Amino acid sequence: MHWPVVCENREGGAGGRGRGGGSGGMPPPFKIAVLGAQGVGKTAIVRRFLYDEYSETPSPSRARRVHLSAAVLNGHVHDLQITDYPAIATFPGSSLQEWTDSCCRGIRSAHVYILVYDICCFDSFEYVKTMRQQILETRVLGTADTPILIVGNKRDLQRGRVIPRHNVSDLVRKSWKCGYVECSAQFNWHILLLFSEALRSVGCVRCKHIHATIRFQRALRRERCALM
């Protein structure tokens with residue numbers, strides 16, 4: 001059975017109370033961290049998923065954007081916390097480094113990492129490669145199963161691809177043991193798929209013997225986010 005995911009979006013301020021953290025016994029929130037080099041389309045992907053909007057004008061920011069939404073996974077309602085991080089130089093190796101740099105706060109406690117690269121930019125793939133390795137080297141004790149999803153954006157610019165798709169897919173899936181999805185934020189291609197894969201990977205880690213079933217619906221109302 002496919003359970004609908006209702007994107008009931010709320011402001012990510014300090015005073016907001018999510019269902020996952022309330023007293024009603026709801027499951028804890030799923031924390032999704034979106035990372036990548038500048039210009040790969042991280043924000044475009046998140047905005048396409050939450051708003052079904054796309055802007056041709058890049059909007060680089062040094063602030064992290066925290067979006068709150070909700071999803072139904074295996075019949076249980078979960079809060080989603082999707083954090084769009086700016087391009088960071090290095091993954092914080094300790095909690096002190098994480099909280100010293102305001103751009104990195106909360107990054108080490110994510111339940112799933114979405115690492116985005118531009119299929120037309122080799123340097124952006126190298127950034128993802130480095131970031132993945134740093135995540136593995138600095139994982140918090142007890143989080144060895146935290147999944148990583150590699151996402152190749154700008155599939156609409158296929159002719160400008162710098163690395164053959166099958167080469168990347170084989171490397172990511174067979175050597176890195178990570179999920180892999182290609183998408184186009186501009187044309188809304190595979191955007192729902194990549195977030196479904198992200199939630200499914202988290203669900204499979206938390207509930208190893210339960211097959212995660214997910215389906216997204218359009219947001220009930222426009223989402224607001226907090227710049228932090």
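So here's what we get for this one:
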read-out: Net lengthening on full extension, residue 157/residue 136 (0.36 nm per residue, minus Cα-Cα); value: 4.5 nm
read-out: Cleavage-rule hits (trypsin sites (Lys or Arg not before Pro)) in the range 37-93: DSSP loop, at most 16 neighbouring Cβ within 10 angstrom; value: 62
read-out: Charge tally in the Cβ shell below 14 Å around residue 93, where Lys, Arg are +1 and Asp, Glu are -1, residue 93 excluded; value: -1
read-out: Three-way shape label, the range 79-122, alpha-carbon gyration tensor, a/c 1.5; value: oblate
read-out: Surface per residue (accessible, 1.4 Å probe) for the range 84-167, Å²; value: 48 Å²
read-out: Cα→Cβ-extended label distance, 7 Å offset, between residue 176 and residue 51, nm; value: 2.8 nm
read-out: Cα-centre dipole for the range 100-208 with unit charges at Cβ (Lys and Arg positive, Asp and Glu negative), debye to 20; value: 300 debye
read-out: Accessible surface of the range 55-186 [probe 1.4 Å, protein heavy atoms]: carbon and sulfur percent; value: 53 percent
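The values are calculated or read from the model by the stated rules, or taken from the named source; none is laboratory data. Predicted, not measured: the structure shown is a model, and the values here were computed from it. Please note: Cβ atoms are built from the backbone with ideal geometry, for glycine as well, and neighbour counts cover all protein chains shown. Side chains are part of the model used for accessible areas, which takes the heavy atoms of the whole protein and leaves out ligands, DNA and RNA. Shrake-Rupley method; radii C 1.70, N 1.55, O 1.52, S 1.80 Å.
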